[in-house]
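Notes follow the structure.
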C-alpha cells in the first residue's frame, strides 16, 4: 500500500524536488504550500500521485483546515515532512543580532513544525509505524556550532530539541521522529554555490525511507548520523 506523505513548504526548492522523488517511487504525496495556486501548479508538473494542499504553517486555522481535508480525503498520514524554513541571517552576530529577526526565524524554522505536528498527530496515529521528519541543519548542532547566523542556528537547534523530545514521547506508540539535514543546497535560501537540489532532497528522502525498525530520534545528513 502506498504511503501517504505530507510535505510542508513544497511549492519550490527542496520540498518540491522531494515530492517528485517520492512520487516517482510510488508514494502518494500531499504537496502543501501557503499559496494554493503555486501548490496546484507544482503538483500538476510532477508525474505520479501528487495532490496540492493549502497549508500556511504560520496560521493555525489554515493548519487545522488542512488536517481536516487530509482526514476527509485520505483518512491517515504515514509520513509528515516539516520542510518549511527560512531566514539565513549570514550578516548577523549573536551579540548584536536584531531580535525581531530572531523571532521571525523561530516562527519559520521552529514553531511552524511544532504547530503542524500537533495538528497532524491524530492522522499519523491512524497509520502503522508513522514517521515525522523535521528538516533541520548542521548549523543547529550544538556540538558543531560556531559563531554566525545566530537566528538560523538557534532556531534549528530548537527544532532539534523538539525532535528529540517528541521522539522520546512517541516512541511507545511506534511513531518515529527524526531530523534531516539537506546540506548546503542551491535554493533561494541557500543561494548559489550549493550542491544540486536533487542531492539535498535525497538526503531527506533517506530519512523518510529509513527501515521501520530504525531507532527513533536520529539526526542525519547523506545517510550518516550528525551529532546533536
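The requirement of being crowded, with 18+ Cβ neighbours inside 10 Å, outside any strand (DSSP E or B), more than 16 Å from the chain's Cα centre (by Cα) and modelled with pLDDT of 95 or more is satisfied by residue 151.
For the range 133-147, a residue qualifies if it is out of contact with any helix residue (DSSP H, G or I) (no Cβ under 6 Å at 6 or more places or on another chain) and either free of Cβ contacts under 8 Å to residues at least 12 places away in the same chain or within 18 Å of residue 212 (Cβ to Cβ) (or both), and exactly one does: 146.
For every residue, the table says whether it meets (1) within 18 Å of residue 82 (Cα to Cα); (2) modelled with pLDDT of 90 or more; (3) touching a helix residue (DSSP H, G or I) at 6+ places or on another chain (Cβ under 7 Å).
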| residue | (1), (2), (3) |
| --- | --- |
| 182 | yes, yes, yes |
| 195 | no, no, no |
| 201 | yes, yes, yes |
| 226 | no, yes, yes |
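The test for being crowded, with 21+ Cβ neighbours inside 10 Å, free of Cβ contacts under 8 Å to residues at least 60 places away in the same chain, farther than 24 Å from residue 183 by Cβ and within 17 Å of the chain's Cα centre (by Cα) does not hold for residue 4.
Within the range 78-112, being farther than 21 Å from residue 19 by Cα, modelled with pLDDT of 95 or more and in contact with a helix residue (DSSP H, G or I) (Cβ under 6 Å, 6 or more places away or on another chain) holds for 92, 94, 97, 101, 102, 105, 106, 110. Screening residue 161 with (1) surrounded by 20 or more Cβ atoms within 10 Å (Cβ to Cβ); (2) within 22 Å of residue 105 (Cα to Cα); (3) modelled with pLDDT of 95 or more; (4) within 16 Å of the chain's Cα centre (by Cα) gives one miss only, at (1). Kindly evaluate residue 9 against the criterion of being on the phi > 0 side of the Ramachandran plot and touching a strand residue (DSSP E or B) at 6+ places or on another chain (Cβ under 8 Å). Yes, satisfied.
Quick grid of which residues meet (1) more than 29 Å from residue 26 (Cβ to Cβ); (2) touching a strand residue (DSSP E or B) at 6+ places or on another chain (Cβ under 8 Å); (3) free of Cβ contacts under 8 Å to residues at least 60 places away in the same chain:
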site: 153; (1), (2), (3): yes, no, yes
site: 170; (1), (2), (3): no, yes, yes
site: 184; (1), (2), (3): yes, yes, yes
site: 198; (1), (2), (3): no, no, no
site: 222; (1), (2), (3): no, no, yes
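Before we move on, is residue 158 touching a helix residue (DSSP H, G or I) at 6+ places or on another chain (Cβ under 6 Å) and not in a loop (DSSP other than H, G, I, E, B)? Yes: the conditions hold for residue 158.
If only residues of the range 60-97 that are without any contact (Cβ under 8 Å) to a residue 12 or more places away in the chain and within 24 Å of residue 155 (Cβ to Cβ) are counted, the one that is nearest to the chain's Cα centre (by Cα) is 61.
The values are calculated or read from the model by the stated rules, or taken from the named source; none is laboratory data. Just so we're clear, the structure is a prediction, and the values are computed from it rather than from any experiment. A quick note on method: Cβ atoms are made from the backbone with ideal geometry, for glycine too, and the neighbour counts reach across all protein chains shown.
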